Amino acid sequence: MNAFFTALFNLFRKPVTTLYPAEKTYIPADYRGLIGFNEDLCIWCRRCETVCPPGAIVFSQDLEGKQTYHFNRAVCIYCGECVRTCPKEGALFQTAEPAPCALKAENINNGWNLLYADALASREAYLAEKKRRAAEKAAADKAAAAATPPVAGE
């Protein structure tokens, strides 16, 4: 009987929840939202990738050495560690914008796992290509040195 009167009483009370979307949700001043990235300021040190606890940041690299930043908002725990670690002010920052919901069409989990593996493979391929080019250059320098006749007096 007590539950009945409580339910009846609550019918006439003001709701405790926010009437979203009519009322905007309160966002505190120290809210940690989405991670923003400014490619122009980034020095590509990859410290943010190293310190990210869940692995929400990864860099891929093409064979010419150009790096690309990738961020997964569904994996991120919004701890701000990447922003604190970044040596270049403004390259990484946290906005006051909440993360949008992940959609099934984005394939955010499986797609991220594939992207992460591809990014690591691209960096390994870059290092292998860099070693191959260095070996080619060393062989060319050695051949050039062998082809040059010795200078008199040496």
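Every read-out reported here was derived from the displayed coordinates using simple, explicitly stated rules and does not represent laboratory data. These numbers come from a predicted model, not from an experiment. We place every Cβ from the backbone using ideal geometry, glycine too, and count neighbours over all the protein chains shown.
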From the residues LEU11, VAL83, ILE35, which one has its Cα farthest along the dipole of segment 10-115 in the positive direction, the dipole being from +1 and -1 charges on Cβ of Lys/Arg and Asp/Glu about the Cα centre? LEU11
Mean-square fluctuation check for the chain, GNM, Cα pairs under 10 Å: which of PRO54, PRO15, PRO100 is largest? PRO15
Based on other C-beta atoms within 10 Å, arrange GLU81, GLU23 from fewest to most. GLU23, GLU81
Which one of ALA96, ALA143, ALA22 has the biggest mean-square fluctuation once the chain is modelled by GNM with Cα springs under 10 Å? ALA22
Of the residues ALA121, ALA134, ALA147, the Cα lying farthest along the dipole of segment 69-154 towards its positive end, which is defined by charges on the beta carbon of Lys, Arg, Asp and Glu, belongs to ALA147
Taking the Cα centre of the chain as origin and charging only Cβ (+1 Lys, Arg; -1 Asp, Glu), how large is the dipole, in debye to the nearest 20? 400
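Take LEU92, LEU120, LEU34, LEU11 and order them by how many other Cβ atoms sit within 10 Å, fewest up front.
Lowest to highest Cβ neighbour count: LEU11, LEU120, LEU34, LEU92.
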Among the trypsin sites (Lys or Arg not before Pro) in segment 1-100, which ones are in a DSSP loop with at most 12 other Cβ atoms within 10 Å of the Cβ? Mind listing them? ARG13, LYS24, LYS66
Candidate values (i) 1, 7, 11, 12, 12, 10, 8, 7, 6, 6, 5, 4, 3, 2, 1, 1, 1, 1, 1, 0, 0, 0, 0; (ii) 2, 9, 20, 24, 24, 15, 5, 1, 0; (iii) 2, 8, 12, 14, 13, 11, 11, 9, 7, 5, 3, 2, 1, 1, 1, 1, 0, 0, label of the one derived for P(r) over Cα pairs in 5 Å bins from 0, in percent: (i)
